[in-house]
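Have a look at the structure below, then the notes.
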Amino acid sequence: MLAALVGFLGDFDLAEEAAQEAFAIAAERWPREGAPANPGAWLVATARNRAVDHIRRRRTLAVKTKLLEVAEAVEDEIPQDTFRDERLELIFTCCHPALSLDAQVALTLRALGGLQTSEIARAFLVPEPTMAQRLVRAKRKIRRAGIPFRIPPAHLLPDRLTAVLAVVYLIFNEGCDGRRELLGAQAIRLGVSLAELMPDEPEVFGLLALMLLHDSRRAARLRDGELVLLADQDRSLWDRAQIRAGNEALERALALRGEGPYVLQAAIASLHAQDSSDWPQIASLYAELLRMTGSPVVALNGAVARAEAEGPEAGLAAIERLELEDYHYLHATRADFLRRLGRSDEARIAYARALELVRSEPERRFLQRRLAAL
């Protein structure tokens, strides 16, 4: 509904205000008069008419003439298919490269995730006024820069789709923190919408599969508030229905001949979701992903897989030259390899460095236990 209104009005604030008014009118009228035959169309038409009333009252007829040229709809007699689904246009508008990444994330959660400003602020651990300002600036920039409310032309779509997927995945990763599970659920919801709206894009299904498979293990990652490694997790706590849904999304991506980074990561997650992890195959997929992305984080994950497949010496050799000095997972991984090799003094130094950088309290306590055991 909000996407349809933004597309019609070209104004986020006015669309949100009109939507709220329409829901308020429905809450007052429908219990008394009964719901209309097409509730969605009724709500959009009512909101549209309220928005036009606001424009008239604001005396901006000269600027908004095109809106007033549209005949007012009869709210109770509108076919359901009058309003097309404009969520896809809204996603690309929220993730336009002219906006900062922070603004893209906040606006996507506000407009498509349905979160209140206070919820987004809590999720990203910033004061509500700070998040409100980000949203105001993002909406203002869209209006002033004339950012179009449309799907990009074909020659721009691959790069823009990459940005959209990156924003959704960033939201999901933020939600992996136990304090912010709401974000993980919102990211999966956005992924489902993208798959529905773009049924021929393999990377969309790859990302959806990746999120579903990772999230399926959420209940087993913590035990009494303490971090549990994959090898030690109670697999009976894994969400088998979600694993099946993730594998189905991966199969769809592969059927579309997907071979991009999200499809590869989903394939790795699928192997982890089996009763036992096939470490040589996982290491092989990480090597392919590294060739594709050149990411040092991917190289680090690949080193962990190599250590499981070939031993900690192979893993240690693979991470020695990685430029991730401020990334606590590098030091925690190096500490674990050194611990397994019996090099306790070096392992203690690496654990201490990881503890200087870690943010998550469950991870901090886990590292402290490992250090104390040495």
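Tell me yes or no: at least one residue of the range 154-167 is small (Gly, Ala, Ser) and not in a helix (DSSP H, G or I).
Of the residues in the range 154-167, the ones small (Gly, Ala, Ser) are 154, 163, 166.
Imposing the further condition that a residue be not in a helix (DSSP H, G or I) reduces the set to 154.
Yes, there is a match, as at least one residue in the range 154-167 is small (Gly, Ala, Ser) and not in a helix (DSSP H, G or I).
Could you please find all residues in the range 356-374 being part of a helix (DSSP H, G or I), of a type outside the set (D, E, K, R) and over 26 Å from the mean Cα position of the chain (by Cα)?
Listed by number, the residues that qualify are Phe366, Leu367, Gln368, Leu371, Ala372, Ala373.
Just to be sure I understand, how many residues within the range 322-355 are of a type outside the set (D, E, K, R) and under 28 Å from the mean Cα position of the chain (by Cα)?
Result for the range 322-355: 11.
Among the hydroxyl-bearing types (Ser, Thr, Tyr) and loosely packed, with under 14 Cβ neighbours inside 10 Å: which single residue out of Ser193, Ser236 fits that description?
Just one listed residue meets the conditions, Ser236.
Can Glu33 be described as modelled with pLDDT of 90 or more and either of a type in the set (Lys, Arg) or touching a helix residue (DSSP H, G or I) at 6+ places or on another chain (Cβ under 6 Å) (or both)?
No; evaluated as a whole, the condition is false for this residue.
Which of the residues spanning the range 137-192 are over 15 Å from Pro97 (Cβ atoms), small (Gly, Ala, Ser) and under 12 Å from the mean Cα position of the chain (by Cα)?
Gly175, Gly184, Ala185, Ala187, Gly191
The values are calculated or read from the model by the stated rules, or taken from the named source; none is laboratory data. Just so we're clear, the structure is a prediction, and the values are computed from it rather than from any experiment. Cβ atoms come from the backbone with ideal geometry, glycine included; neighbour counts cover every protein chain shown.
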